[in-house]
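Values quoted throughout were computed directly from the atomic coordinates according to the rules given, and no laboratory measurement underlies them. Keep in mind that what you see is a predicted model, and the values were worked out from it rather than measured. Heads up, the Cβs are rebuilt from the backbone with ideal geometry, glycines too, and the neighbour counts pull from every protein chain shown.
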Amino acid sequence: MKQNTILLGHGSGGKMSSELIESVFSRYFQNEILSRQTDSAVLDVNTASIAFTTDSFVVEPLFFPGGNIGKLAVAGTVNDLSVSGAVPKYLSAGFIIEEGFPMDQLEAIVKTMAEDADKAGVHIVTGDTKVVDKGKCDKLFINTSGIGYFPEGRRDLGIAKGVEAGDLILINGAIGSHGMAIMAARNELNIGANIQSDCACLNDLIYSVLNAGYEVKFMRDATRGGLGTVLAELVSKHKIGLQIFEKKLVIEQQVRGMCELLGFDPLYVANEGKVVMIVSKNDADAVLNQLKKHPLGKDASIIGFVTDEYAGKAWMETIVGGKRIIEMLSGQQLPRIC
């Protein structure tokens with residue numbers, strides 16, 4: 001149903017977000033580069049290929065177990081470049097600050113951004129600051145953009161080029177912890193769950209795999225909309241079939257319990273430190289072992305496979321043996337999660 005106003009669901013990263021992009025932004029901004037709709041735009045500059053991405057962060061609360069909005073901004077942008085196959089190099093940082101925002105909180109956030117950028121091997125090289133009247137902005141919003149370069153042969157990782165039946169699907173660890181950490185941190189819920197966000201820069205983990213020469217055919221970070229939305233988007237755009245196994249998914253017990261309490265499906269809960277990979281079946285075990293060697297991949301698992309059956313559909317075999325179709329997230333599950 002066509003909406004006459006913007007709803008929270010339009011920012012969910014799911015079906016409503018996709019419809020908004022197609023009906024408004026892609027309709028007017030349409031060009032060959034944008035039509036790829038990957039995490040980073042792929043640009044040809046003279047003889048080089050570079051990746052360019054941008055993201056905005058409006059998370060509430062600004063500080064949460066495992067990080068803050070600054071850590072989220074750096075990790076989110078670094079990860080968008082990395083899953084596209086690029087080596088992240090430079091970031092911008094734009095701040096919209098509400099009048100009256102505590103200076104010590106701003107300094108803590110900026111310090112975190114500097115520390116995480118340094119750990120990821122990127123430089124914050126430009127930025128902008130705007131201050132708005134009290135009540136005209138909710139404390140602090142951050143926009144970051146990022147630039148990286150593509151080593152030879154890696155510019156098509158975001159479009160699933162060459163994915164075929166028999167390829168295997170991997171993820172580097174437990175799902176749903178970021179979304180549930182944010183929900184637990186919101187004071188109005190008064191929930192005491194000890195859940196840490198998985199927010200982290202994944203470029204070192206990803207390049208430990210890519211630099212080893214394994215045949216990785218697709219990568220995407222499972223942020224807004226979670227793992228389920230990544231899989232649903234992939235099959236809708238590429239007309240392949242995917243099957244995953246519920247018993248292979250790693251979900252921390254506290255995350256599972258909180259999802260049950262609040263009525264959320266972990267499959268669609270946001271992550272900020274998880275990469276989904278599709279890998280040649282010949283290399284899948286080696287990639288899994290490589291991931292497990294890294295602290296951010298110690299709980300990695302092979303969760304499913306690509307099939308030529310039911311093209312355009314993603315399915316999950318449940319623990320009890322049934323099959324459940326995985327569709328795009330409809331509506332807004334968790335507002336202001338990133």
Of GLY179, GLY241, ALA120, which is farthest towards the positive pole of the chain's charge dipole, taken about the Cα centre with +1 and -1 on the beta-carbons of Lys, Arg and Asp, Glu respectively? GLY241
Could you tell me the extents of region 31-149's C-alpha atoms along the three principal axes, largest first, rounded to whole Å? 48, 31, 24
Name the residue farthest towards the positive end of the dipole of the chain from the options GLY67, VAL255, CYS201, assuming +1 on Cβ of Lys and Arg, -1 on Cβ of Asp and Glu, about the Cα centre. VAL255
Listed peptides 231-243, 128-140 by packing density, highest first (mean Cβ within 10 Å): 231-243, 128-140
Taking R0 as 30 Å and r as the Cβ-Cβ distance between PHE29 and ASN4, the FRET efficiency 1/(1 + (r/R0)^6), rounded to the nearest 0.05, comes to 0.90
Using a Förster distance of 45 Å, the FRET efficiency for ALA193-ALA48 (Cβ separation, nearest 0.05): 0.45
Run the dipole for the chain about the Cα centre, Lys and Arg Cβ at +1, Asp and Glu Cβ at -1, nothing else charged, and hand back the magnitude in debye, nearest 20. 380
Mean Cβ-within-10 Å packing, highest first, puts peptides 6-16, 104-114, 319-329 in the order 6-16, 104-114, 319-329
List the extent of the Cα atoms of region 235-336 along each of their three principal axes, largest first, rounded to whole Å. 40, 36, 30
Taking 2.2 N^0.38 Å as the expected size of a compact globular protein, what ratio does the Cα radius of gyration of region 11-91 give against it, to two decimals? 1.27
Quick one: 3J(HN,Hα) in Hz for region 103-117, Karplus 6.51/-1.76/1.60 with θ = phi - 60°, rounded, Gly and Pro as x. 5, 5, 5, 4, 5, 4, 5, 5, 4, 4, 4, 5, 5, 6, 5
Suppose each label sits 7 Å from its Cα in the direction of the beta carbon; what would the TYR90-ASP204 distance come out to in nanometres? 2.5
Stokes-Einstein D (µm²/s) once Rh is taken as the Kirkwood radius of region 164-262 over alpha-carbon pairs, at 10 °C in 1.306 mPa s: 102
How are the C-alpha pair distances of region 252-292 spread across 10 Å bins, as whole percents from the shortest bin up? 23, 34, 29, 14, 0
Using only the Cα atoms of the chain, what do you get for the radius of gyration and for Dmax, in Å? 19.3, 58
What FRET efficiency comes out for the pair GLU107/GLU215, r = Cβ-Cβ distance, R0 = 56 Å, nearest 0.05? 0.80
Dipole magnitude (debye, nearest 20) for region 160-326, charges at Cβ of Lys, Arg, Asp, Glu: 120
Rounded to 5, the percent of DSSP beta bridges in the chain classed as antiparallel: 80
Under the 0.36 nm per residue contour assumption, what length would be gained going from the current alpha-carbon distance of ARG256 and TYR310 to full extension? 16.5 nm
Counting only DSSP beta bridges with both partners in region 31-149, the antiparallel fraction in percent, to the nearest 5, comes to 75
In Å³ and rounded to a whole number, note down the convex hull volume per residue for the Cα atoms of region 160-326. 109
